[in-house]
Amino acid sequence: MKRFFFILFIFLIWYMAAMYRIPSLMALSVAQLFLLLLLFLMTRYFRNNFQAGFCRKRETVRKKDRIPVQIWTENRSFLPLGRYRLQFYSSYEKSRKGKRFHYDGSIDSKKREEEELQLEAKWCGKLYISLEQKQVYDYLSLFYSRVKENQEEEIAVLPSSQPLTVIFSEADTWENQGQGEGALRLERSSWSRSFKKKRKKGFRFIWIFPGRRNPGQRR
């Protein structure tokens, strides 16, 4: 929209200069042509001297946590870059549709900076974040130049950590802490041998199930 009004203003100046033959308007129209050409070439100059990418990659995060994505930008030109735009794409699977978002910024001449983007991990899985393209603009944002990128970062989103509480009953505690799994297996094996001996002698056992109405069942 800004470009449309600017070009409309240029044509209006040209019309008035041609209609009334005013030297000042004719000089202004010529200067506007040089300005448009200069702004267009400026975007090509910034495109060849502006670089961006990922830095300090983070491999794992927790669900519902903020994901800090570190990016770096560098302007190698002699002129400050007034506006640039980085377009990113995030998805949990490469084959499924994801979400696009962009980051706008500016950088001084001959300078390298690092920025941090904050994302939210809503689901568990492997999150792919890729830098699709970068755009540089002139000082009036009338023209821009676009460069496609192919940089990707993978982040594993783990389930949210919750404290685990274990409660032991008094019957499960052992007086001797030195007893382990072997001692428990020994007690069970001795109980089974005594059970078999008593069953051979003709004893009858009654099994009680507290969850049933019939309190006993003979076997």
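Taking S91, is it more than 26 Å from L158 (Cα to Cα), hydroxyl-bearing (S, T, Y) and without any contact (Cβ under 8 Å) to a residue 40 or more places away in the chain? No; evaluated as a whole, the condition is false for this residue. Being in contact with a Leu (Cβ under 9 Å, 6 or more places away or on another chain) and at pLDDT below 90 is a description that does not apply to I107. Every listed requirement among (1) part of a loop (DSSP other than H, G, I, E, B); (2) modelled with pLDDT under 80 is met by L79 save one, (2).
Restricting segment 104-115 to residues that are assigned to a strand (DSSP E or B) and surrounded by fewer than 17 Cβ atoms within 10 Å (Cβ to Cβ), which is farthest from the chain's Cα centre (by Cα)? Only one residue tops the list, namely K111. Would it be correct to say that C55 is more than 15 Å from E152 (Cα to Cα) and touching a residue at least 12 places away in the same chain (Cβ under 8 Å)? Judged against the criteria, C55 is not a match. In segment 1-41, the qualifying residues are those that are polar (S, T, N, Q) and touching a helix residue (DSSP H, G or I) at 6+ places or on another chain (Cβ under 7 Å), and the one that is modelled with the lowest pLDDT is S29.
Free of Cβ contacts under 8 Å to residues at least 60 places away in the same chain, farther than 16 Å from V157 by Cβ, in a strand (DSSP E or B) and of a type in the set (S, T, N, Q): does that describe Q118? Considered against the rule, which asks whether it is free of Cβ contacts under 8 Å to residues at least 60 places away in the same chain, farther than 16 Å from V157 by Cβ, in a strand (DSSP E or B) and of a type in the set (S, T, N, Q), Q118 comes out as no.
All of M26, M42 fail the test of being more than 26 Å from the chain's Cα centre (by Cα), surrounded by 14 or more Cβ atoms within 10 Å (Cβ to Cβ) and in contact (Cβ under 8 Å) with a residue 40 or more places away in the chain, apart from M42.
May I ask you to list the residues in segment 131-142 that are at pLDDT 90 or above and in contact with a Phe, Trp or Tyr (Cβ under 9 Å, 6 or more places away or on another chain)? Before you say what the answer is, go through the steps one by one.
From segment 131-142, those at pLDDT 90 or above are 131-139; that's our starting set.
Within segment 131-142, L131, E132, K134, Q135, V136, Y137, D138 meet the criteria.
Considering the conditions (1) surrounded by 14 or more Cβ atoms within 10 Å (Cβ to Cβ); (2) outside any loop (DSSP other than H, G, I, E, B), E154 is excluded by exactly one of them, (1).
The values are calculated or read from the model by the stated rules, or taken from the named source; none is laboratory data. What you see is a predicted model; the values in this text were computed from it and never measured. Counting neighbours? That spans all protein chains shown, and the Cβs are built from the backbone with ideal geometry, glycine included.
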